[in-house]
DNA sequence: ACCTGAACACCGTTCAAGT
DNA sequence: ACCTGAACACCGTTCAAGT
């Protein structure tokens with residue numbers, strides 16, 4: 001809790017995570033190596049291991065850190081609208097950190113405190129909508145997969161990759177909104193799987 | 001088209017891709033290095049570059065190769081059922097090659113001939129269902145994102161990771177089916193985005 | 001407790017040379 | 001055309017030692 005009294009800064013875990021985020025947005029995922037990170041912090045590469053257990057643990061910390069920026073809706077609004085807004089905000093935040101989106105999926109989402117908080121808020125919104133209790137965790141998983149998946153899919157490729165017309169960011173955002181609407185409609189229209 | 005007449009095997013591109021697939025399923029993504037692959041084929045590491053331009057190009061070839069195993073529905077069946085079956089088969093195939101699923105998303109799907117063929121079949125099914133023409137490419141993208149995303153999310157973690165109860169493969173498959181049903185329902189109920 | 005130098009066991013890729 | 005030896009420019013991580 002307390003900072004060291006000395007005037008020499010001294011590395012902290014938060015500083016390591018912050019520098020990792022900076023390096024990530026400046027140089028991308030391939031530019032984020034433990035050695036490059038250490039160089040930016042003016043320490044030897046192995047000094048980082050006093051603050052993070054491994055590169056994987058560091059990436060997990062960065063992942064959850066990013067989710068703190070998601071806008072959560074007010075408690076009392078229309079739940080359907082709240083869901084649409086929450087997922088859209090998540091999509092936007094993920095797009096701002098495009099390089100690490102694939103990591104979310106390969107780790108099945110983040111598992112830190114921020115991710116957990118967002119999951120609980122989403123589940124509460126689903127309950128306040130007309131979603132039956134046993135379908136809530138399933139709908140939650142479907143919404144997470146859809147949102148992270150779409151963000152991963154929207155990442156802009158380096159120009160000139162692929163011959164097909166590349167949809168613009170605005171088109172992809174519209175596509176995301178429409179698909180989310182379909183999903184939310186389907187969840188409410190067909191809470192039960194029998195046809 | 002023709003094979004070399006000599007009795008000495010000689011490496012081919014197909015052999016490299018095949019060995020890469022084997023290595024991938026035996027040792028996982030981290031086990032698939034160019035050097036390990038070369039060792040398995042009894043050649044020097046740089047010999048591989050006579051057949052593939054880079055590791056990235058090799059992975060792209062593997063990605064599309066895997067999609068050849070997807071079952072495509074018959075021409076004349078119910079289109080809604082055909083969509084459900086096609087996406088489910090894709091999901092199943094992806095799960096059998098869990099380690100490279102995150103790669104599909106980070107490259108926005110595969111772009112080889114097999115991926116293209118599956119995309120065209122899916123679009124045709126959407127048209128044969130009641131989906132309006134301008135919504136077809138959007139619905140296609142949504143289905144791809146959902147299917148690949150869910151497969152990425154289903155990848156089993158090493159045992160003991162995370163404290164929350166881990167859903168079984170059967171539960172995840174049920175979840176996938178339900179979510180796919182929601183999506184297809186929403187696409188048909190709300191072909192237009194105005195409410 | 002936190003940091004360093006040095007090392008271990010790896011990577012992908014390139015280049016010049018051989019056949 | 002296809003393969004090799006050798007090298008380049010890197011990785012993540014560990015260990016013993018210093019303060």
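Residue B:97 - would you say it is surrounded by 15 or more Cβ atoms within 10 Å (Cβ to Cβ), over 28 Å from residue A:154 (Cα atoms) and either within 16 Å of DNA strand D (Cβ to nearest atom) or touching a residue at least 12 places away in the same chain (Cβ under 8 Å) (or both)?
Judged against the criteria, residue B:97 is not a match.
Can you name the residue in the range B:34-62 that is away from DNA strand D (no atom under 12 Å from the Cβ) and outside any helix (DSSP H, G or I) and, of all such residues, is surrounded by the most Cβ atoms within 10 Å (Cβ to Cβ)?
B:54
Being over 28 Å from residue B:121 (Cβ atoms) and more than 13 Å from DNA strand C (Cβ to nearest atom) is true for just one of B:75, B:22. Which residue is that?
B:22
Taking the condition free of Cβ contacts under 8 Å to residues at least 60 places away in the same chain, outside the structural domain of residue B:115 (by TED's automatic domain parsing) and not in a helix (DSSP H, G or I), does residue B:76 pass? Even if it seems obvious, please write down each step before you answer.
Details: free of Cβ contacts under 8 Å to residues at least 60 places away in the same chain: yes; outside the structural domain of residue B:115 (by TED's automatic domain parsing): no; not in a helix (DSSP H, G or I): yes.
Criteria not met by residue B:76.
Return yes or no: is residue A:33 within 16 Å of DNA strand C (Cβ to nearest atom), in contact with a helix residue (DSSP H, G or I) (Cβ under 9 Å, 6 or more places away or on another chain) and more than 14 Å from chain B (Cβ to nearest Cβ)? Full working, then the answer.
Details: within 16 Å of DNA strand C (Cβ to nearest atom): yes; in contact with a helix residue (DSSP H, G or I) (Cβ under 9 Å, 6 or more places away or on another chain): yes; more than 14 Å from chain B (Cβ to nearest Cβ): yes.
Yes; evaluated as a whole, the condition is true for this residue.
Just one of (1) surrounded by fewer than 21 Cβ atoms within 10 Å (Cβ to Cβ); (2) at pLDDT 95 or above trips up residue A:129, so point out which.
(2)
Which count do you get for residues in the range A:18-33 that are more than 13 Å from DNA strand D (Cβ to nearest atom) and more than 17 Å from residue A:54 (Cβ to Cβ)?
The qualifying residues number 5.
Testing residue B:15 on (1) in contact with a helix residue (DSSP H, G or I) (Cβ under 8 Å, 6 or more places away or on another chain); (2) not in a loop (DSSP other than H, G, I, E, B); (3) not assigned by TED's automatic domain parsing to the domain that holds residue B:125, one condition comes back false. Which one is that?
(1)
Just to be sure before I move on: is residue B:118 farther than 23 Å from residue B:14 by Cβ, assigned by TED's automatic domain parsing to the domain that holds residue B:175 and more than 10 Å from the chain's Cα centre (by Cα) in the structure I sent?
no
Tell me, yes or no, whether the range B:154-164 has at least one residue that is without any contact (Cβ under 8 Å) to a residue 12 or more places away in the chain and surrounded by 15 or more Cβ atoms within 10 Å (Cβ to Cβ).
The answer is no, given that none of the residues of the range B:154-164 is without any contact (Cβ under 8 Å) to a residue 12 or more places away in the chain and surrounded by 15 or more Cβ atoms within 10 Å (Cβ to Cβ).
Taking residue B:108 as meeting all but one of (1) in a helix (DSSP H, G or I); (2) within 16 Å of residue B:149 (Cβ to Cβ), write down the number of the exception.
(1)
The values are calculated or read from the model by the stated rules, or taken from the named source; none is laboratory data. As the structure is a computational prediction, the values presented were derived from the model and not from experiment. Here the Cβ is made from the backbone with ideal geometry for all residues, glycine too, and neighbour counts use every protein chain on show.
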